[in-house]
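Worksheet: one structure, shown below.
Please treat every number below as a calculation from the coordinates, not as lab data. Quantities reported herein were computed from a predicted structural model and do not represent experimental measurements. Methodologically, a virtual Cβ is constructed for each residue, glycine included, from the backbone with ideal geometry; neighbour enumeration extends over all protein chains shown.
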């Protein structure tokens, strides 16, 4: 019978109970949905890394010859060096590889990162289509599936490459360019040769080293523009046609630890000793850009999946609390009757606990069932345009069940809190109506300000203090909703700001001509003159300070007008001619400021330089240090331009120019990237809408039920409906205002936390814009007004006779 | 609103008023073809057993319920069929309600409960004077929950009177009070009629009160069984309980 009573009670209070169910559902839906999403990514990536035996350490060789390492003629890692590393304690396997950039024989000259692998047992390939990697196959190539797809080539097709003195040089650390033996030394640009060769596609592949890949000059991956391919060492082209091919000058060592997981620093020290320091870069797996970027992405999702459900959980609990307390209070006499009839206390207790228990149970169960099965598929399509994984599948975790169980327990506990006191009374006490809550005049009421308040304001203040849980629920609901909306829109703003900052404030050039390596300075000058440009040197560097080390970029300019640094307010600023200027983000990461001393070192060069920070400036995508050419050269460094900037749009092929990055195109690429952000933004807004409607409706329902009698009295006394509506509205507006004021900074904080996880290379400007504030304002108050509109109808048709019948 | 001439001093007239609930075979006539009149300043008691239709009659008069047929004239104007907002205006200007369970606003003090009439009518009585009138001037800052039932009912009367209405409509005003306190409240209501000239209509099932009324309307099964005029009504204090 008590079950019947429960079902009928739920029917009568369906709005509240539906919202408890809904909030419990949403909390778990988001927790398990986003949890399933990022865990799925994590698992896919981990499986991918394990399956392909991803290297633990990459060691890039460095020649004495220059920043970009060895060429055809340079000496690579010898077999003896590889063996020496293999003997180091903790090292399980070592393999050599030659990485170099080549230009694919396609339209727009795409850059392909070629890996001539000794065995491809470490960081092995994942075959999507075609044959497995054959380390002896001299004529075959295993091409990135994403590139092949974008370019419309497949297994069996023959593709051509050229490696020239002018190929993409300033790419990731360790990438080398190939210098043709003939014609480079002292040769004019017009005479330099490029080596051309053709290979047959044997397989289309994914590589775990390229879960994320982006050319350094663009923010977003364009799979038709760059890619990677693996070849057998036997496929290494003869440097000069007719000559027998030699062993490739392996410039990379892939190291696999033996599973004893030696301390990272110790391993690095030992390997350093084994190689006698003759290498340029030692890169651990966590610092591999692809691994790092993907791990950051997962962290970002994890945080959202952990934070957002808390809001819903709080609302579920507060709704539970308010609903149960009121219902139990209204059923006081019923409880007394049941007790008097001899129903055991335990049975009554179970009855009231079952409300919270079953609602939370069904809500959570539905959330666990539906969340991971649906939510991840909202994210995966946009994510797969950035990342490459063999499998996109959500993963389940026992935490989903633990958290669900905790939610069910909490809701049940709240039910207990609501009815426990009543049950401990004697039946006779319970049968008597509860003494009304006595009011006291608070400190506020003794102020002058209080006396000036209208009776409606006084009523509202006292009503709020009478129903604290209800008020708290309203404030938290609006707070959560505002935070979500502000977060959604400020993330959007942030993306737009970054774009404006990067492409309109900082980058004033239209074309960036990436120069080939080993160009003569006269050729560089010719190019510069041809496009009326300015030379810059942009290389990878490492910076050390306070015991911290940070990979960053080093920019040396001739005082260009085409790159305009900005201060922390994103306003253009001037950098000093003497000394080092450092980006704000890098400065923060290293814990340095103006006047502090830092050490820096160019990748591929041995030895560290020291200098003091003269200025801290802000820069969106290229974190690191910058200095003037004069200062750079005064330190004994050689200014070797890597790019020429031009305000003109350069579309023609220029000899010696490896590729041209057009600002207008990159800026379009950025729009594509932000497209993916919108999934999250829409999701946040939808969540905010549900949250606000449920909470405000509930609040309205509760206050209306509680004040119905008072409203009816006032109506009987002749008070106009408009005035009564105003009474309800003003209370709701006050809660909305408080929730809103608290929600805005919370939303901004959330945004800053989320963008902070985008990695160290981005500096996202998180500013609150007036339109965002207005949208959030309109959203919060609009929802509030909408729900109130619904209740104003109820006031108009308030049944005065019914409402004023004797109290039960 | 059409103005019809009424008998001198007559303030209220019910003409063949019926109030039906439900439809078809399940029609219940709570008030069935009722006609009577009340003069200005009278102290009227509507008597009848539970379920006789007394409260419905009062609600119809107070503009809280709608008559199914008939006419109800107040001060010459028929209030049957008035739209909601006109009825609200009517209640504000003419009717002071006193409820069985007082219906004070729990979050407002005694004073504030009375003072809120300022938001309903243009020229209410001063709230302090109204409180003094019911002898509760020193309870002004107390909340309803801090007052006894009788005190709450006195505040409720003060609130009704503060609007300065044409009539006071009281639905079982002593129903929740002990007899002693009830007597105080009734004396007060009688005083409103005698000293202030208000028309006071009280619904009760306490037959003893009949002796104190100027006019007694007896109702049974929704119909009027008798309307008696009392030539020499007694003071409430003289009425035996």
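Legend: Rg and Dmax of the stretch B:102-230, from Cα coordinates, 15.3, 46 Å.
Going from the fewest other Cβ atoms within 10 Å to the most, the residues A:29, A:197, A:312, A:790 appear in the order A:790, A:197, A:29, A:312. Counting Cβ atoms of other protein chains within 10 Å of each Cβ in A:708-715 and taking the mean gives 4.
Annotation: peptides B:171-177, A:111-117, ranked by per-residue average of other Cβ atoms within 10 Å with the highest first, follow the order A:111-117, B:171-177. Peptide A:717-725 has a mean of 6 when you count, residue by residue, the C-beta atoms of other protein chains within 10 Å of its C-beta.
With the simple spin-label model, which puts each label point 7 Å out from Cα in the Cβ direction, the residue A:247 to residue A:496 separation comes to 5.9 nm.
Take the alpha-carbon positions of the stretch A:503-669, form their convex hull, and give its projected area averaged over all directions (one quarter of the hull surface) in nm².
Working: hull surface 38.7 nm².
The directionally averaged projection comes out at 9.7 nm².
The mean sequence distance of close C-alpha pairs (under 8 Å, at least 6 residues apart), as a share of the length of the stretch A:560-613, puts its relative contact order at 27 percent. The slack between residue A:378 and residue A:544, meaning 0.36 nm per residue of separation minus the straight C-alpha distance, is 55.6 nm. Please work out the C-alpha center-to-center distance from the stretch A:107-154 to the stretch A:764-802 and express it in whole Å. Using only Cα atoms, the two centres lie 57 Å from each other. Compute the acute angle (0 to 90°) between the alpha-carbon long axis of helix B:84-94 and the principal axis of greatest extent of the alpha-carbon atoms of chain B; round to the nearest 10°. Between helix and principal axis, roughly 60 degrees.
Once the convex hull of the C-alpha atoms of the stretch B:38-138 is built, how many Å³ does it hold per residue, rounded to a whole number?
Measuring per residue, one finds 153 Å³ for the Cα hull of the stretch B:38-138.
Annotation for residue A:333 and residue A:3: the two label points, set 7 Å from Cα along the Cα-Cβ direction, are 2.9 nm apart.
Normalised by residue number, the volume inside the convex hull of the Cα atoms of the protein assembly as shown is 229 Å³ per residue.
For the peptide B:95-108, the mean number of other protein chain Cβ atoms found within 10 angstrom of a residue's Cβ is 6.
In terms of the mean number of neighbouring beta-carbon atoms within 10 Å, the peptides A:447-455, A:143-151, B:162-170 order highest first as B:162-170, A:143-151, A:447-455.
Remark on the stretch A:675-788: hydrodynamic radius 16.6 angstrom, per the Kirkwood mean of 1/r across alpha carbon pairs.
Extension gain residue A:767-residue A:340, at 0.36 nm per residue separation less the Cα-Cα distance, in nm? Don't skip to the answer; put the middle values down first.
On the way: separation 427, 0.36 × 427 = 153.72 nm, distance 6.35 nm.
Going from the current span to full extension adds 147.4 nm.
Within the protein assembly as shown, DSSP assigns beta bridges of which about 70% are antiparallel (rounded to the nearest 5). A full extension of the chain between residue A:569 and residue A:385 corresponds to an added length of 63.0 nm, given 0.36 nm per residue minus the alpha carbon distance.
Counting other beta carbons within 10 Å of each Cβ, put A:159, A:527 in order, fewest first. Spell out each step's value before the answer.
Values: A:159 20, A:527 23.
Arranged by neighbour count, lowest to highest, A:159, A:527 become A:159, A:527.
In the protein assembly as shown, helical runs assigned H by DSSP with n ≥ 4 each contribute -39500 (n - 2.57); averaged across all residues and rounded to the nearest 500, the mean residue ellipticity at 222 nm is -14500 deg cm²/dmol. For the stretch A:111-160, the alpha-carbon radius of gyration amounts to 1.13 times the rule-of-thumb value 2.2 N^0.38 Å expected for a compact globular protein.
Which FRET efficiency value, to the nearest 0.05, do you get for residue A:421 and residue A:441 by plugging their Cβ-Cβ distance into 1/(1 + (r/R0)^6) with R0 = 25 Å? Walk me through the intermediate numbers first.
Working: r = 26 Å, r/R0 = 1.05.
The value I calculate is 0.45.
With only alpha-carbon pairs counted, each pair once and no self-pairs, how large is the Kirkwood hydrodynamic radius of chain B in angstroms? Show your work: numbers first, answer last.
Numbers: mean 1/r = 0.0548 Å⁻¹.
This gives a value of 18.2 Å.
With the simple model of a label 7 Å out from the Cα in the direction of the Cβ, residue B:86 to residue A:682 spans 5.3 nm. This ranking places B:55, A:730 by how few other beta-carbon atoms lie within 10 Å of each, fewest first, which gives A:730, B:55.
The angle separating the long axis of helix A:663-716 from the principal Cα axis of greatest extent in chain A is about 10 degrees.
Using a Förster distance of 56 Å, how high is the FRET efficiency between residue A:370 and residue A:649, based on the Cβ-Cβ distance and rounded to 0.05?
Values: r = 51 Å, r/R0 = 0.90.
So the FRET efficiency works out to roughly 0.65.
On the basis of the beta-carbon distance and an R0 of 60 Å, residue A:126 and residue A:529 show a calculated FRET efficiency of 0.80.
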